[in-house]
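Worksheet for the structure shown next.
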Amino acid sequence: MQRKLNYVAVDGPIGSGKTTLVHMLAEDFKGHAILEPSQNNPFLAEFYKDRRRNAFKTQLFFLLNRYQQQLELKQHDLFHPMTFCDYIFAKNSIFAEINLSEDEQALYRTIFQLLKERLPKPDLVIYLRADSKILLQRIKKRGIEYERPINQDYLDKLTDAYNQFFLNYNDTPLLVADTTSTDYLGNPDDYANLKREILNHRGGTVQLIAR
């Protein structure tokens, strides 16, 4: 018997394909897509130019915007049987750990803990893992202007932080999928394999095996 899934969150480092996958799943299941407000952040371009100087205000903006989005999930549109989101709220702490100073992290964690208690938890989280070199290739290929300063060193730190976070993750059922050599948009078999694992997930942590 398949578990009922109302709220599925997809996360992973930049370039892992989470937003593309969320669009595909929402269309396939006739659900509702929730996308993180990256392009609405007025500090993001400056953050990639000088991460240390602009990290705190960038992260705080993301934290409050994501919080507002997640609160709205409680007033979920009843005409959409499933919601797919391209981030989890906890991703804020991943970025805070690698970008903020110790004092900034302490303040950030205090705010984060106060906010997260009011938010709904996903029925399933899908973590899209990928090699940092592949991520950089994808970022360069799509050519978004404010992403141009992103370099290999930053992506190495980011992928390590993501892997460490999800290694110890147990807040919700988790499906881990390596997207280094998969193409959910271009290869129907890759997508069908992932969809099958989503529908058959029974709880706990499951590593998706490529077919």
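Coordinate-derived values only; no laboratory data. These numbers come from a predicted model, not from an experiment. Here the Cβ is made from the backbone with ideal geometry for all residues, glycine too, and neighbour counts use every protein chain on show.
The charge dipole of the chain, taken about its Cα centre with unit charges on the Cβ of Lys, Arg, Asp and Glu (plus for the first two, minus for the last two), comes to roughly 160 debye. Across region 103-114, computed HN-Hα scalar couplings (Karplus, 6.51 cos²θ - 1.76 cosθ + 1.60, θ = phi - 60°) run 5, 5, 4, 4, 5, 4, 5, 4, 5, 4, 5, 5 Hz from first to last residue, x flagging Gly and Pro.
Among 10-19, 60-69, sorting by the average number of other beta carbon atoms lying within 10 angstrom of each residue, highest first, gives 10-19, 60-69. The amide H of His32, built 1.01 Å from its N in the peptide plane, has Met82, Thr83, Phe84 as neighbours under 5 Å, considering only residues 5 or more places off or on other chains. The rule of thumb for compact globular proteins, 2.2 N^0.38 Å, goes into the C-alpha radius of gyration of region 7-207 1.00 times. In order along region 55-72, phi translates into HN-Hα couplings of 5, 5, 5, 5, 5, 5, 4, 4, 4, 6, 5, 5, 4, 5, 4, 5, 4, 5 Hz, rounded to whole numbers, per the Karplus curve 6.51 cos²θ - 1.76 cosθ + 1.60 with θ = phi - 60° and x for Gly and Pro. When the GluC sites (Glu not before Pro) in region 109-157 are filtered for DSSP coil states and for at most 15 other beta-carbon atoms within 10 Å of their beta-carbon, the remaining sites are Glu117.
The distance linking region 167-211 with region 1-68 is 18 Å (Cα centroid to Cα centroid, whole angstrom).
Computed extension length for Asn151-Asp183: 9.2 nm, one decimal, from 0.36 nm per residue of separation with the Cα-Cα distance subtracted. Dipole magnitude for region 76-166: computed about the Cα centre from +1 point charges on Lys and Arg Cβ and -1 point charges on Asp and Glu Cβ, it is near 340 debye. Springs join every pair of Cα atoms under 10 Å in this Gaussian network model of the chain, and among Asp183, Asp86, Asp28 the largest mean-square fluctuation is at Asp28.
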